[in-house]
Amino acid sequence: MKRILSGIQPSGQLHIGNYFGMMKSVISSVETADLYAFIVDLHALTSVHDRAKLSAGTLEAAADFLALGLDPDKCTFWVQSDVPEVCELAWILSTVTSMGLLERCHSYKDKTAKGIAASHGLFAYPVLMAADILLYQAEIVPVGKDQKQHLEVARDIAVSFNNNFGETFILPEAAISESTAVVPGLDGQKMSKSYGNTIPMFLEDKELRKRVMAVQTDCTPVEDPKDPAKCNLYALLKLFASKEKMEEVHGLYVNGGAAYGYLKQDLFELIRDHFTAARARKKELMANQDGLRAILKQGAEKARAKAVVTLDLVRDRAGLRY
Ligand code: ADP
Ligand code: TRP
């Protein structure tokens, strides 16, 4: 059984980009893999400095995963900061990570360009992510395309450690599904919590409809032909609509007749229906927060048992013994 691992930041409401980019495949892999899934609150701290927001976001993100069908009894599911060994490993790894490797990371540049403070934590983010992956000796890491470079960095760091101290870490591989590699946001850029352009999946109907109506489209008249490849709304519809429905929509785009207002209404209904059952489950989970905490604590114990074994080996290899 392959060991699959992935994490998500509780830095805001989870959205359909997170769902198609990562959560869906992670949740379904529970049947065939040794799955490690976690909420990366230490990473979220690079962009959220609001106690109430971070702690509520962490519990909500956990509820989202469970509501969408993750079975915590069949995997290891926890909150990153409940296993503090990851911070020690991140420090050790940082000593074999070149500055140049981190300086080349797009994510740091993109985030600072969007106004996130250029802290040391944000710069060192990929090292903590490498520690996340290597601490559990993960083989496969399902992520959206934006994380591809971070996976390459994790591999480079693993190689660097292995070269310095002897074979210790398994080299992880990214698993990126091409069809959902980048889900566009309301403005056509990558949908992201940090860009304020998301469609969260657990919104109430009224809010959800409002978001969907805010999907940006061009001003081509209804009867004119349109290029589906350039349309954000089309890309979003494709994630939810049946093959038959998409054939019809495709025809309307290329031959003329695609009315954005109607298509947005279709998209709203498709998203609403897709998540109806999960929304009900999330309500139940959030009504029993102590139950949720208990699930996470149990998961952290399982994760920690694995983490201490790797960290012990790393300390030994690095000479942190006397
Ligand atoms: P965000 O950018 O919204 O803060 P995260 O960085 O927490 O999201 O990403 C969690 C997971 O969801 C990652 O695997 C990431 O690649 C994936 N993901 C996030 N946004 C998208 C998107 N727009 N399209 C595809 N995958 C995405
Ligand atoms: N950096 C990832 C993101 O923003 C989240 C993350 C942290 C992660 N640690 C990880 C993803 C380990 C996969 C594996 O999406």
Next item on the list: Go ahead and estimate [θ] at 222 nm for the chain from helices alone: -39,500 (n - 2.57) per DSSP H run with n ≥ 4, summed, over the residue count, rounded to 500.
Entry: -16500 deg cm²/dmol
Note to self: Under 23 Å between alpha carbons, and skipping anything fewer than 8 positions from Lys114 in its own chain: which lysines qualify?
What the structure shows: Lys53, Lys145, Lys148, Lys190, Lys193
Notebook entry, point to check: Relative to the longest principal axis of the chain, what angle (0 to 90°, nearest 10) does the C-alpha long axis of helix 243-255 take?
Noted result: 60 degrees
Item checked: Estimated translational D of the chain in µm²/s (Stokes, Kirkwood radius over Cα pairs; 20 °C; 1.002 mPa s) -> 103 µm²/s
Margin query: So if I take the centroid of the Cα atoms in region 203-250 and the same for region 264-281, what is the distance between those two points in Å?
Written below: 15 Å
Notebook entry, point to check: Which of rounded, prolate, oblate describes region 203-257, given a ≥ b ≥ c as roots of the alpha-carbon gyration tensor eigenvalues and a/c under 1.5 marking rounded, otherwise prolate only if a/b is larger than b/c?
Noted result: oblate
Checklist line | Scattering profile of region 118-256 at q = 0.14 Å⁻¹ [log10 I(q)/I(0), Debye over alpha-carbon scatterers] | finding: -0.82
Next item on the list: Report the relative contact order of region 105-193, percent, no decimals, based on alpha-carbon pairs under 8 angstrom and at least 6 residues apart.
Entry: 28 percent
Next item on the list: Would you work out the charge dipole size for region 203-274 about its Cα centre, treating the Cβ of every Lys and Arg as +1 and the Cβ of every Asp and Glu as -1, and quote it to the nearest 20 debye?
Entry: 240 debye
Check: So, with +1 on the Cβ of K and R and -1 on the Cβ of D and E, and no other charges, what is the size of the charge dipole of the chain about its Cα centre, to the nearest 20 debye?
Finding: 440 debye
Next item on the list: Counting residues in region 81-161 as N, plug N into 2.2 N^0.38 Å and put the Cα Rg over that result.
Entry: 1.05
Next item on the list: Treat the count of other C-beta atoms within 10 Å as a stand-in for reagent exposure and order Phe77, Phe123 from fewest to most.
Entry: Phe123, Phe77
Check: Which of Ala235, Ala174, Ser107 sits closest to the plus end of the dipole of the chain, meaning its Cα is farthest towards the positive end, when Lys and Arg get +1 and Asp and Glu get -1 on the C-beta?
Finding: Ser107
Next item on the list: Jot down the radius of gyration and Dmax of region 210-322, Cα atoms only, both in angstrom.
Entry: 24.5, 77
Check: Which order do Met129, Met213 fall in if you start with the one that has the fewest other Cβ atoms within 10 Å?
Finding: Met213, Met129
Note to self: Quick check on the exposure proxy: order Val26, Val153, Val309 from fewest to most C-beta atoms within 10 angstrom.
What the structure shows: Val309, Val153, Val26
Notebook entry, point to check: Under the definition of Cα pairs under 8 Å and six or more residues apart, what whole-number percent is the relative contact order of the chain?
Noted result: 22 percent
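Each reported figure results from applying straightforward, stated rules to the coordinates on display, with no laboratory input. Quick caveat: nothing in here was measured; it's all calculated off a predicted structure. Counting neighbours? That spans all protein chains shown, and the Cβs are built from the backbone with ideal geometry, glycine included.
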